[in-house]
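Values quoted throughout were computed directly from the atomic coordinates according to the rules given, and no laboratory measurement underlies them. Keep in mind it's a predicted model, so treat the numbers as computed, not measured. Note: ideal-geometry Cβ built from the backbone for every residue, glycine included; neighbour counts use all protein chains shown.
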Amino acid sequence: TINKVRRHVGIEAELIYPELIDCDTESFDRDDFEHYVDTPDMWEAVYDGSLSSGGAELRTSSPIVGDDIDKALYRLNSNIQDKDAFVDDSCGIHIHYNAIDFKVNEMKNLLYMTHYLQRGLIIDFVKL
C-alpha cells in the first residue's frame, strides 16, 4: 500500500466533453454517457443540469480508500486527456470525506484546512 488514507472518499468531477456539446444529455442514462464519454473504470457519468452544454459529472461509482484513490484519479486523468475534456466556470470538483467519527475540534480543523487549501487547489485545477 502506497496511499495510507484509511478513510473512504467519494469524488465528483464536473467536466465538459466536446462529444456531448450538441447532445441533449438531460435524457441520457449511464449507457448513453458511456457511449460518448468512455467512462473510466471506478467512475460513472451522470447528468448535472448546472453545467454548460457538453457537461457531465463523473463520480466514483462507490467510496474508495487507499491505493484505489490513486487508481481512480489516474483513470480520470487519462480519460480527460483522451477525450479532450475541459472545464469552464460552470465546473467544479467535490470531495466527500468520511468524517462520521469526527469530534468538534477535528471538524473545525478540517474546515480551516480546507479553507486554506481551496485557493491552491483552484489554481492548480485551472492550470490543467
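The value obtained for region 54-119, namely the Cα convex hull volume divided by the number of residues, is 125 Å³ per residue. What is the angle, in °, between the Cα long axis of helix 67-83 and the longest principal axis of the Cα atoms in the chain? Nearest 10 is fine, range 0 to 90. Taking the Cα atoms of the chain, the angle to 67-83 is about 30 degrees.
Can you tell me, using C-alpha contacts under 8 Å and at least 6 residues apart, the relative contact order of region 2-116 as a whole percent? RCO, region 2-116: 39 percent.
Residue by residue, region 4-21 carries 3J(HN,Hα) couplings of 8, 5, 9, 8, 6, 10, x, 10, 10, 10, 9, 9, 10, 10, x, 5, 9, 4 Hz when phi is fed to the Karplus relation 6.51 cos²θ - 1.76 cosθ + 1.60 (θ = phi - 60°); x denotes Gly or Pro.
Toward the positive end of the charge dipole of the chain, with +1 on the Cβ of Lys and Arg and -1 on the Cβ of Asp and Glu, the farthest Cα among His94, Thr114, Gln81 is that of Thr114.
I want the local charge near Thr60. Using Cβ-Cβ distances under 12 Å, sum +1 for each Lys or Arg and -1 for each Asp or Glu among the other residues.
On the way: positive: Arg59, Lys71, Arg75; negative: Glu12, Asp41, Glu44, Glu57, Asp68.
Charge balance near Thr60 sits at -2.
Match the structure shown to one of the listed values (1) 73; (2) 57; (3) 62 of percent of Cα pairs over 17 Å apart, computed from it, and give that label. So the calculated entry is the one marked (3). Can you give the FRET efficiency to the nearest 0.05 for Asn105 and Asn3, using r as the Cβ-Cβ distance and R₀ = 35 Å? Computed FRET efficiency for Asn105 and Asn3 comes out at 0.85. Given their separation in residues at 0.36 nm each and the Cα-Cα distance between them, Glu34 and Ser62 gain 8.4 nm when the chain is fully extended.
As an exercise, use a Förster radius of 41 Å and the Cβ-Cβ distance of Ile21 and Tyr112 to find the FRET efficiency, rounded to the nearest 0.05. Provide the component values of the computation, followed by the final result.
On the way: r = 39 Å, r/R0 = 0.96.
About 0.55, to the nearest 0.05.
For Ser61, the residues 5 or more places off, or on other chains, whose built amide H falls under 5 Å of its own are Trp43, Glu44. A straight chain from Ser53 to Ile93 at 0.36 nm per residue would run longer than the Cα-Cα distance by 12.7 nm.
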